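Below you'll find the structure, written out as structure tokens, and then a few comments.
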Amino acid sequence: MMKARIYKEVFFEASHRLLHYAGKCFRLHGHQWRAEVWVEGTADERTGIVIDYNCIKDAISQFDHQVILNEEDPMAACLRQFHPVVTMPGDPTSERLADMIAEMVNAEAAGQGLDARVAKVRVWESTSCYAERTYESQ
């Protein structure tokens, strides 16, 4: 069995606000986000693939051109009258988006019966700042 680590970078446009933040990011605003995902696991013997890069891209692309809010944010109900809203427990920080992306990719891998897990996710909120989360190998 061949163990391998793969990497995929995906860009998406999305707006968010931090409900519990005392500063400019309390206001709804947008970013061009950049997500980097490292997945490690056992490559399929026939294909040599750990997980299809498109599975990672498709998971992250669900955020593209969306509004991402805390599930407790009263703005979510207002905006839903006009546009879909992605919600999450807690404020949609880069750190929480990294965890959400890891969960989505891991669920896709498990659903396909793959021996693949996210090892690291880096979410860039701008060109000068990112949050990075690393995950222990199982």
Filter result for residue 36 (farther than 25 Å from residue 136 by Cα and either in contact with an Asp or Glu (Cβ under 8 Å, 6 or more places away or on another chain) or of a type outside the set (S, T, N, Q) (or both)): no
Look at residue 63 and say whether it is among the aromatic types (Phe, Trp, Tyr) and either surrounded by fewer than 11 Cβ atoms within 10 Å (Cβ to Cβ) or farther than 26 Å from residue 135 by Cβ (or both). no
Only one of these is surrounded by fewer than 17 Cβ atoms within 10 Å (Cβ to Cβ) and assigned to a strand (DSSP E or B): 136, 132. Name it. 132
Leading residue by the ranking (surrounded by the fewest Cβ atoms within 10 Å (Cβ to Cβ)) among those in region 1-55 that are among the β-branched types (Val, Ile, Thr) and touching a helix residue (DSSP H, G or I) at 6+ places or on another chain (Cβ under 6 Å): 10
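Bear in mind these aren't lab numbers, they're just calculated from the coordinates by the rules spelled out. Source: prediction; values computed, not measured. Here Cβ is always computed from backbone atoms with ideal geometry, including for glycine, and neighbour counts include all displayed protein chains.
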